[in-house]
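The values are calculated or read from the model by the stated rules, or taken from the named source; none is laboratory data. Note that this is a predicted model, so its numbers are computed, not measured. FYI the Cβ positions are ideal-geometry reconstructions off the backbone, even for glycines, and counts take in every protein chain you see.
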Amino acid sequence: MAETAAHLVDHVLPHVPVRQWVLTLPMALRYRAGFDPALSSAILELFLRTVFGWLRRKAREEGVADGRAGAVTVIQRAGGSLNANLHYHSLVLDGVYVRRDPGSKPSFHATAPPSQSDLADMLTTVRVGIRRLLERRGLIRSETGGDEADPHAEEAPLLAACYAASVQGTVAMGPKAGHYVGRLGGELAALPDSMPPPASCVRAEGYSLHAGVRVAAGDRQRLEKLCRYVARPALALDRLQELADGRFAYRLRHAWSDGTETLIFEPGTLIEKLVALVPRPNGHLTRFHGVLAPRSPWRAEIVPRPAVSDEVAQTGAGEGRGQRAGKRPSWAMLLSRVFSVDILECPGCGSRRQVIAVVMDPSVVRAILEARGLPAESPARSPARPPPQPVFDFPDGA
C-alpha cells in the first residue's frame with residue numbers, strides 16, 4: 001500500500017489536479033466480474049472511455065481541441081465487511097493534455113468539475129454499455145433480460161459458492177450455510193440504495209458513480225494519502241480479534257445504519273471470505289490508461305522523473321546505498337512518509353543509523369543477546385491443529 005502510493009506520486013502522477021472516480025457494481029455483476037478478470041477489464045475499459053470522452057468534450061467546450069486524458073485505476077475486490085465487492089477507484093487527471101505545436105511539450109488544461117446531471121448521464125452510458133457487453137458475451141438474454149446458466153458454478157462449484165456467499169454476506173458451507181454472518185449491535189443492515197447518496201454521487205439499478213474527491217496540483221502529501229487509500233489491503237488486521245471461543249470478531253470501520261459494529265466469523269467462515277478476496281490469475285489490480293499508459297507516446301514527457309528522491313537524501317548514504325531513482329523505496333523511507341518518523345535517526349546523538357553487519361551464526365546471536373540482557377530463547381510455539389472442517393448434512397440413504 002505505502003510502496004504503491006510512493007511509486008505513483010513520485011514516478012507516475014504528474015503535478016496536475018487529480019480527481020477520484022469510483023464505480024461500484026450491482027451484486028450480481030460483482031460476482032461475475034470478481035470471478036472473470038477479462039470481464040472486469042472490459043468493464044473498466046468501458047468506464048474510462050466514458051470518463052475520458054466527457055473530459056475531451058468538456059475541454060472542447062472550453063476551446064481546447066484534441067485533448068488526451070490519463071488515469072491510474074486500482075481494482076478493489078473487497079468491501080468494508082470482508083465481503084466480495086469488486087469496484088474501481090480511478091485517479092483521473094482532472095483535465096486533458098494537449099500539444100499546442102508539433103514540437104512542443106504537452107501542456108495541461110484543467111476542466112470544470114462534473115455536475116450531478118453529468119454524472120447521471122455518464123452512469124447511464126456505463127450501465128447501457130455494460131448491459132450490451134453482457135449480452136455479447138452471452139451472460140444475459142437480450143430478449144427477456146434473464147440470466148443464463150452460471151458457467152462459474154460448473155467450472156469451480158466450491159469457489160463459486162464462496163464468491164456468491166461473500167457477495168451476499170452469508171455463510172457458504174457448514175450447518176449455517178445460507179445464514180447471514182453473525183453481527184453485534186443490530187439486525188439486518190439496510191440496503192445501500194435506501195440511504196441518500198452523498199454529494200457528487202449518483203446511483204441507479206445497483207450502480208453508483210462518485211467523483212467528489214479532488215486533489216489540487218501542488219498537494220502531493222494529500223495525493224499520496226489518497227493513493228494509499230485506493231491501494232489499501234482488503235483486511236485490516238488491527239480490527240480483527242480472536243475470541244475466547246475460537247471465533248473471530250471483525251470491527252467495522254463505520255457502524256451500519258442499523259447499529260451493527262462488529263461481525264462474528266466462525267474460523268471456517270473467515271477462510272471462506274478470504275478465499276473470495278484472493279485475486280484471480282492473470283488479472284492485475286493496478287492499471288494505467290491514456291497518457292499514463294506504459295506505451296503512450298506522451299508518457300515520458302508527462303510523468304515526473306526525479307533524479308534522486310528526497311527520501312534518499314534524508315535517510316543518508318548508508319540506507320540509500322545502491323538505490324537509484326525509480327527503484328523500490330526502502331522500509332525506512334516508507335515509515336517516514338506514512339508516519340513522519342525517521343527511524344534511522346538516533347534519538348541519543350542525532351546521527352544516522354546504518355546497517356554495518358548481518359549476524360547469522362546462532363552462537364554469536366545468543367552471545368550478543370545475553371550481553372545486552374535480552375532473551376535468547378525463541379517463544380514456545382502452539383501445537384499444530386487441523387483446519388476446521390465443514391459439516392455436511394446428507395439425507396438418510398444418501
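Structure notes:
- Hits in the stretch 213-235 - residues which are within 30 Å of residue 270 (Cβ to Cβ) and surrounded by 14 or more Cβ atoms within 10 Å (Cβ to Cβ): 225, 226, 227, 228, 229, 230, 231, 232, 234, 235
- Screening 255, 234, 244, 249 for residues that are in a loop (DSSP other than H, G, I, E, B) and touching a strand residue (DSSP E or B) at 6+ places or on another chain (Cβ under 7 Å) leaves exactly one candidate, 234.
- Residue 263 vs. criteria crowded, with 17+ Cβ neighbours inside 10 Å, modelled with pLDDT of 85 or more and not in a loop (DSSP other than H, G, I, E, B): yes
- Contacts under 9 angstrom Cβ, first residue in the stretch 74-102 being at positive phi, partner assigned to a loop (DSSP other than H, G, I, E, B) and surrounded by fewer than 22 Cβ atoms within 10 Å (Cβ to Cβ), 6 or more apart: 82/234; 82/235; 95/16; 95/17; 95/64
- The lone exception for residue 57 - which of (1) surrounded by fewer than 22 Cβ atoms within 10 Å (Cβ to Cβ); (2) touching a residue at least 60 places away in the same chain (Cβ under 8 Å); (3) within 28 Å of residue 136 (Cβ to Cβ) it fails: (2)
- In the stretch 266-304, the residues that are among the aromatic types (Phe, Trp, Tyr) and in a strand (DSSP E or B): 288
- Of all residue pairs spaced 6 or more apart or on separate chains, those with beta-carbon atoms under 6 Å, a first member in the stretch 259-271 that is closer than 12 Å to residue 241 by Cβ and a second member that is among the small types (Gly, Ala, Ser) are 262/249; 263/81; 264/182; 264/249.
- Contact map, the stretch 125-141: first residue modelled with pLDDT of 90 or more, second residue part of a loop (DSSP other than H, G, I, E, B), Cβ cut-off under 8 Å, separation 6 or more or different chains; pairs are 127/205.
- Residue within the stretch 90-105 that is in the same structural domain as residue 211 (by TED's automatic domain parsing) and closer than 24 Å to residue 277 by Cβ present: yes
- Any hit, the stretch 150-158, residues being buried (at least 16 other Cβ atoms within 10 Å of the Cβ) and either modelled with pLDDT of 75 or more or not in a loop (DSSP other than H, G, I, E, B) (or both): yes
- Test set (1) farther than 25 Å from residue 35 by Cβ; (2) at pLDDT 85 or above; (3) under 22 Å from the mean Cα position of the chain (by Cα); (4) not in a helix (DSSP H, G or I) - residue 210 fails condition number: (1)
- The criterion of at least 1 residues that are at pLDDT 90 or above is met, among helices (runs of 4 or more DSSP H) falling completely within the stretch 1-95, by 37-61.
- Conditions (1) outside the structural domain of residue 163 (by TED's automatic domain parsing); (2) at pLDDT 75 or above; number of the one not met by residue 297: (1)
- Of all residue pairs spaced 6 or more apart or on separate chains, those with beta-carbon atoms under 9 Å, a first member in the stretch 1-16 that is more than 18 Å from residue 218 (Cβ to Cβ) and surrounded by fewer than 21 Cβ atoms within 10 Å (Cβ to Cβ) and a second member that is of a type in the set (D, E, K, R) and at pLDDT below 85 are 2/337; 3/328; 7/328.
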